[in-house]
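The values are calculated or read from the model by the stated rules, or taken from the named source; none is laboratory data. Since we're looking at a predicted model, the values are computed, not measured. Every residue, glycine among them, receives a Cβ derived from its backbone with ideal geometry; neighbour counts consider all protein chains shown. Quick note on the areas: whole protein, heavy atoms, side chains included, nothing else; ligands and nucleic acids left out. Shrake-Rupley method; radii C 1.70, N 1.55, O 1.52, S 1.80 Å.
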Amino acid sequence: MSQQNDQNGMFWTTLAYIVWGLMPLFYQYLRGVEAMEIFAFRVLWSVPLMILLLWLTVTPVRVFMLLREPHTFFWLFLSTGCISTSWFLNTWGVTHGQVLLVSLAFFLTPLISILIGVFYLRERLTPFQLLALLFCLGGFLYACVSLDSFPWLTIGIALSFGSYGLIKKQVKIDTLNGLAAEAILMVPFALFYLIGVAGSRSYAENQGDVRILLMLTAPMTILPLGLFAFGVKRMQSLTSIAILQYLEPTLYFLLAVFVFKEAVDNDRLITFGLVWVGFFLFTLDSLHRHRKARRLLLAEA
């Protein structure tokens with residue numbers, strides 16, 4: 001039964017990462033729409049969907065109770081800032097022909113998380129992790145030197161999402177209530193933009209197709225989150241989850257090259273090559289530690 005749950009969890013988690021990885025295909029139809037407008041409608045439509053998801057999963061609604069606690073509110077406010085930055089930069093990148101840089105950001109994010117763990121949580125690196133980190137750092141530094149402009153998009157997404165993971169560890173809250181709280185905290189900023197910013201907007205211009213697509217940004221956000229939450233609960237191996245997360249940037253890369261025809265010159269190949277070596281070493285280290293922990297558990301049993 002346990003093995004079957006793990007396989008089911010693997011299926012749903014993999015499906016979640018595939019949906020995330022194919023997301024640029026959806027956002028290509030919103031090219032020409034301001035990234036901030038996309039973000040604002042994504043937030044507004046996410047709130048009722050999160051409430052519906054809480055109800056469908058029979059999850060106790062703890063959002064408002066959590067927001068009343070000063071300590072929890074503080075960390076949720078910080079996490080909201082991080083995920084908002086990540087959402088906005090991701091949206092801007094995929095709607096402005098920068099899918100490759102977004103892909104690079106997601107490849108670097110786990111390594112950013114490791115760096116945060118080293119400097120903030122005082123964690124020790126294994127030799128493989130250190131080597132992986134050096135290769136990824138080399139790839140990023142090469143990108144800074146070789147590309148025409150500083151890859152602010154890449155570092156912005158990687159830092160914001162890496163910090164998001166650390167901040168979420170500071171407060172004990174289930175995934176769905178946490179996401180619902182963050183969506184609620186984003187609402188005032190979304191409304192401020194939509195009401196307060198002058199000038200015509202795509203939604204206000206009565207473009208039927210664009211209106212529907214802007215409304216669909218919320219379910220496109222919630223769907224993979226729901227699949228992920230459903231799958232992860234049934235998975236026993238954290239190593240498998242760590243490896244599966246690279247499906248998303250891999251799909252981004254393939255879409256950028258073969259669908260959107262973004263330029264892949266030697267400099268970009270060298271950058272990704274160094275990062276991929278780092279990812280390979282990180283994966284080997286994760287597999288090795290997982291097998292070692294499993295052998296210890298079997299020995300104790």
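Any idea which residue in region 245-260 is farthest from Ser286 (Cα to Cα), counting only those that are open to solvent by 40 Å² or more (accessible area, probe 1.4 Å) and aromatic (Phe, Trp, Tyr)?
This residue is Phe260.
Out of region 180-193, which residues are among the aliphatic types (A, V, I, L, M) and either open to solvent by less than 30 Å² (accessible area, probe 1.4 Å) or outside any helix (DSSP H, G or I) (or both)?
In the first step, residues of region 180-193 are kept if they are among the aliphatic types (A, V, I, L, M); the result is 180-181, 183-187, 190-191.
Passing the criteria: Ala180, Ala181, Ala183, Leu185, Met186, Ala190.
Checking Gln236 against (1) buried (at least 17 other Cβ atoms within 10 Å of the Cβ); (2) at pLDDT below 85, which test does it fail?
Only one criterion in (1) buried (at least 17 other Cβ atoms within 10 Å of the Cβ); (2) at pLDDT below 85 is unmet by Gln236, namely (1).
Here are the criteria: (1) farther than 14 Å from Phe279 by Cα; (2) modelled with pLDDT of 85 or more; (3) not hydrophobic (A, V, I, L, M, F, W, C). Tell me which single one Gln170 does not satisfy.
Of the numbered conditions (1) farther than 14 Å from Phe279 by Cα; (2) modelled with pLDDT of 85 or more; (3) not hydrophobic (A, V, I, L, M, F, W, C), the odd one out for Gln170 is (2).
Does Val61 satisfy the criteria of being open to solvent by 80 Å² or more (accessible area, probe 1.4 Å), touching a helix residue (DSSP H, G or I) at 6+ places or on another chain (Cβ under 8 Å) and either of a type in the set (A, V, I, L, M) or modelled with pLDDT of 90 or more (or both)? Walk me through how you get there before you give the answer.
Working: open to solvent by 80 Å² or more (accessible area, probe 1.4 Å): yes; touching a helix residue (DSSP H, G or I) at 6+ places or on another chain (Cβ under 8 Å): yes; either of a type in the set (A, V, I, L, M) or modelled with pLDDT of 90 or more (or both): yes.
So Val61 passes the test.
Rundown of residues vs (1) part of a helix (DSSP H, G or I); (2) of a type outside the set (Ser, Thr, Tyr), yes/no style:
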{"position": "Asn8", "(1), (2)": "yes, yes"}
{"position": "Pro24", "(1), (2)": "yes, yes"}
{"position": "Val33", "(1), (2)": "no, yes"}
{"position": "Met36", "(1), (2)": "yes, yes"}
{"position": "Ser46", "(1), (2)": "yes, no"}
{"position": "Val58", "(1), (2)": "no, yes"}
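Only residues in region 19-44 that are at negative phi and of a type in the set (Phe, Trp, Tyr) count as the first member; pair them with residues that are open to solvent by 30 Å² or more (accessible area, probe 1.4 Å) and not in a helix (DSSP H, G or I), Cβ under 9 angstrom, at least 6 apart or cross-chain, and list the lot.
Phe41/Tyr203
Of the conditions (1) within 29 Å of Ala132 (Cα to Cα); (2) more than 21 Å from the chain's Cα centre (by Cα), Glu69 satisfies every one except a single condition; which number is it?
So Glu69 meets the others, but not (1).
State all residues of region 196-226 that are surrounded by fewer than 16 Cβ atoms within 10 Å (Cβ to Cβ) and modelled with pLDDT under 85; if no residue qualifies, say none.
Gly196, Val197, Ala198, Gly199, Ser200, Ala204, Glu205, Asn206, Gln207, Gly208, Asp209, Arg211
Give me the residue from region 98-132 that is in a loop (DSSP other than H, G, I, E, B) and among the hydroxyl-bearing types (Ser, Thr, Tyr) and, out of that set, surrounded by the most Cβ atoms within 10 Å (Cβ to Cβ).
Thr126
Would you mind finding the one in Ser79, Ser84, Ser163, Ser149 that is of a type outside the set (Asp, Glu), open to solvent by 30 Å² or more (accessible area, probe 1.4 Å) and over 22 Å from Tyr246 (Cβ atoms)? Steps first, please.
Values: Ser79 fails: open to solvent by 30 Å² or more (accessible area, probe 1.4 Å); Ser84 fails: open to solvent by 30 Å² or more (accessible area, probe 1.4 Å); Ser163 fails: over 22 Å from Tyr246 (Cβ atoms).
From the options Ser79, Ser84, Ser163, Ser149, the qualifying one is Ser149.
Between a first residue in region 207-229 that is over 21 Å from Trp12 (Cβ atoms) and a second residue that is modelled with pLDDT under 80, which pairs have beta carbons less than 6 Å apart while being 6 or more apart in sequence or on different chains?
Sorted first by the residue in region 207-229, then by its partner, the pairs are Val210/Ser202; Arg211/Tyr203; Leu214/Tyr203.
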